[in-house]
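Visitor: Below is one structure. I have some questions about it.
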Amino acid sequence: MTNVHIKGGRVIDPKNRVDAKQDLFIAGGKITALGKAPPGFRAERTIAANDLVVCPGLIDLSARLREPGSEYKATLESEMQAAVAGGVTSLACPPDTDPPLDEPGLVEMLKYRAKNLNLAHVYPVGALTWKLAGERLTEMAVLRDAGCVAFSHADAPILDTQMLWRTLQYAATFGIGVWLRPQDGYLARGGVAHDGEVATRLGLQGIPAFAETIALSTILQLVRSTRARVHLCRLSTSEGVEMVRAAKREGLPITCDVGVHHAHLSEIDLGYFDSHCHVVPPFRSLRDRDALRAALTDGTVDALCSDHAPVDEDAKQIPFAESEPGATGLELLLPLTLKWANEMHIALPDALARVTSSPAAILGAPAGDLTVGQQADLCVFDPDAHVRITAEFLKSQGKNTPFIGYELPGRVRYTLVGGQVAYEA
């Protein structure tokens, strides 16, 4: 373990309400002091952080690593390199791998492989049902012991409402968190874009906004009945935001997130069938996008995530409706968060909370803050430097993003994981 002195940076820790220019000291992989060096401290490495921001490593609530089963799209190594290049030190991996994360052995293998790479921390999210088929519950308590932090059905809808009810009853009994993306499987069937003017003009089959709100209404009613702890993934509609706002006022045990792409893009960005804008859920109307941005601002939406889904180029270079949905996002999480904050005039500590302390609380992970004694997972970035997004810039194996060609704020200079420099620009 190297003793590290990060000198002269603007230290921002949203959880502990720290925002000051001061030094930070690391020894034994942990933060040992802020401001003044601890007695007897001798730095083996000094990082000059003048004009840079030093904050907790980013935490991403949805990053598909494509292992096991889809290594032709991306590998664990390529995506973990992308994570640390983007300042992400902890990430949750959805269960829709091939095979799905429904057995302890698969979960343990994923954690072992990730640990051996010695880059970001991986938190597996287990499958709610066997093979994500929606017919039989997995052994959630056993999977939790194997390392699953929560349970999800990824983008596969649970069509049987009684199965969803039993799932939440089971989860509530064991204190297990359930992550659900609200979308009615029948209403969304065959849809590839938001059901609006753009989809009609382009001749694309639409997914109506009420596909989200009908599913969300069911979930909220079941939460009232079971009191299960539910995290709502990737909200996309203004009506959905209003329902969550009312449910939170009611005191229901729910949290929610938004994909960072959805805080910027709308159905208009589909242009002339740009398949890089084929994502799940679809980019919706400008009204929906603005509602998501406002809900992030007032705290109705708890967190931003990258919703990272690398796709091989062949699956995108085909007609829009036939292309595979998904966008790469690990390296764009910080720049797009800063872009949203700049445009909405949000203070930097409040913006960083959406990608550090808030997702850490949802994960239940010992991360997302700079408390003395905490593991030293840090992101050091230049908020004033801009990055041009190109295929060559992205370390992810998936180059599929609608932001190719954009200039975005925020260049990561260093990422430290467990006190060790995992990435250096």
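The values are calculated or read from the model by the stated rules, or taken from the named source; none is laboratory data. Quick caveat: nothing in here was measured; it's all calculated off a predicted structure. No Cβ is skipped: glycine too gets one built from the backbone with ideal geometry, and neighbour counts run over all protein chains shown. With ligands, DNA and RNA removed, areas are computed over all heavy atoms of the protein, side chains included. Shrake-Rupley method; radii C 1.70, N 1.55, O 1.52, S 1.80 Å.
Visitor: Over the range 5-76, what lengths in whole Å, largest first, do the semi-axes of the equivalent ellipsoid take, defined as the square roots of 5 times the eigenvalues of the alpha-carbon gyration tensor?
Guide: 33, 16, 12
Visitor: Please give the net charge around Arg224, taking every other residue with its beta carbon less than 14 angstrom from that of Arg224, where Lys and Arg add +1 and Asp and Glu add -1.
Guide: Combined, the nearby Lys, Arg, Asp and Glu give +3.
Visitor: Taking a quarter of the surface of the convex hull around the Cα atoms of the chain, what do you get in nm²?
Guide: Spelled out: convex hull of the Cα atoms, projected over all directions, averaged, 18.8 nm².
Visitor: Name the residue farthest towards the positive end of the dipole of the chain from the options Ser78, Pro14, Thr200, assuming +1 on Cβ of Lys and Arg, -1 on Cβ of Asp and Glu, about the Cα centre.
Guide: Pro14
Visitor: Here's a follow-up. What's the whole-number percent of alpha carbon pairs in the range 14-122 lying beyond 25 angstrom?
Guide: The calculated P(r) of the range 14-122 puts 38 percent of pairs beyond 25 Å.
Visitor: Now for a separate question. In debye, nearest 20, what is the charge dipole magnitude of the range 217-282 about its Cα centre with +1 on Lys and Arg Cβ and -1 on Asp and Glu Cβ, if you could check?
Guide: So the magnitude is around 560 debye.
Visitor: Ignoring ligands, DNA and RNA, what accessible area per residue does the range 47-145 give at 1.4 Å, in Å²?
Guide: Ligands and nucleic acids excluded, the result is 36 Å² per residue.
Visitor: Sticking with this one: Considering amide H positions built from the backbone, and no H for Pro or chain starts, which residues 5 or more places from Lys30, or on another chain, come under 5 Å of its amide H?
Guide: Those lying under 5 Å, H to H, from Lys30 are Ala376.
Visitor: In a GNM of the chain with a 10 Å cut-off on Cα contacts, which of Leu34, Leu378, Leu180 has the highest mean-square fluctuation?
Guide: The residue with the greatest mean-square fluctuation here is Leu34.
Visitor: Then there is this: For a quick check of understanding: with a 1.4 angstrom probe and all protein chains in place, what accessible area in square angstrom does Arg227 have, to the nearest ten?
Guide: Estimated to the nearest 10 Å², Arg227 gives 130 Å².
Visitor: Report D for the range 328-387 in µm² per second (integer): Stokes-Einstein, Kirkwood Rh on Cα pairs, 20 °C, 1.002 mPa s.
Guide: 168 µm²/s
Visitor: Still on this structure: Please report the accessible area of Tyr72 (heavy atoms, 1.4 Å probe, ligands and nucleic acids excluded) in Å², nearest 10.
Guide: Rounded to the nearest 10, that gives 140 Å².
Visitor: To continue, here is another question. So, how do all the Cα-to-Cα distances of the range 101-143 break down into 5 Å bins, in percent, from 0 on up?
Guide: 5, 26, 25, 19, 13, 9, 3, 0
Visitor: If you wrap a convex hull around the C-alpha atoms of the range 294-362 and split its volume per residue, what is the figure in Å³?
Guide: 118 Å³
Visitor: Per the 1.4 Å probe, what fraction of the accessible area of the range 176-249, in percent, lies on carbon and sulfur atoms?
Guide: Answer for the range 176-249 is 49 percent, counting heavy atoms of protein chains only.
Visitor: While we're on this one: Can you tell me the alpha carbon radius of gyration of the range 206-355 divided by the globular rule-of-thumb value 2.2 N^0.38 Å?
Guide: In units of the globular-protein estimate, the range 206-355 measures up at 1.07.
Visitor: Percent of Cα-Cα pairs more than 27 Å apart in the range 122-245, please.
Guide: Tail of the P(r) past 27 Å holds 22 percent of the pairs.
Visitor: Also: Probe of 1.4 angstrom, ligands and nucleic acids ignored: what's the accessible area per residue over the range 332-425, in square angstrom?
Guide: Dividing the accessible area of the range 332-425 by its residue count gives 36 Å².
Visitor: Taking each pair of distinct Cα atoms in the range 360-420 once, what is the resulting Kirkwood hydrodynamic radius in Å?
Guide: The answer is 13.9 Å.
Visitor: When you count, for each residue, the other Cβ atoms within 10 Å and take the mean per peptide, how do 392-401, 279-288 rank with the highest first?
Guide: 279-288, 392-401
Visitor: Moving on to the next point. Order 16-24, 233-241 from most to least packed using the mean count of other Cβ atoms within 10 Å.
Guide: 233-241, 16-24
Visitor: Related question: Considering Cα pairs under 8 angstrom that are at least six residues apart, work out the relative contact order of the chain and quote it in whole percent.
Guide: The normalised contact order for the chain reaches 20 percent.
Visitor: Okay, moving on. Any chance you could look up the accessible area of Ile318 with a 1.4 Å probe, heavy atoms only, rounded to 10 Å²?
Guide: 70 Å²
Visitor: Given the options Val54, Val142, Val122, which has the most mean-square fluctuation in a GNM of the chain, springs set between C-alpha atoms less than 10 angstrom apart?
Guide: Largest GNM mean-square fluctuation: Val142.
Visitor: Relative to the compact-globule scaling 2.2 N^0.38 Å, provide the ratio for the alpha-carbon radius of gyration of the range 268-425.
Guide: 1.11
Visitor: With the convex hull built on the Cα atoms of the range 65-206, state its orientation-averaged projected area in nm².
Guide: 10.2 nm²
Visitor: When the Cα atoms of the range 237-306 are enclosed in a convex hull and the volume is divided per residue, what value in Å³ results?
Guide: 75 Å³
Visitor: Take the alpha carbon atoms of the range 1-79, find their center, do the same for the range 290-368, and report the distance between the two centers in whole angstrom.
Guide: 20 Å
Visitor: On the accessible surface of the range 18-174, probed at 1.4 Å, how many percent belong to carbon and sulfur atoms?
Guide: In the range 18-174, the share of accessible area belonging to carbon and sulfur is 49 percent.
Visitor: Beyond 14 Å, what share of the Cα-Cα pairs of the range 68-144 is found? Please give it as a whole percent.
Guide: Within the range 68-144, distances greater than 14 Å cover 61 percent of Cα pairs.
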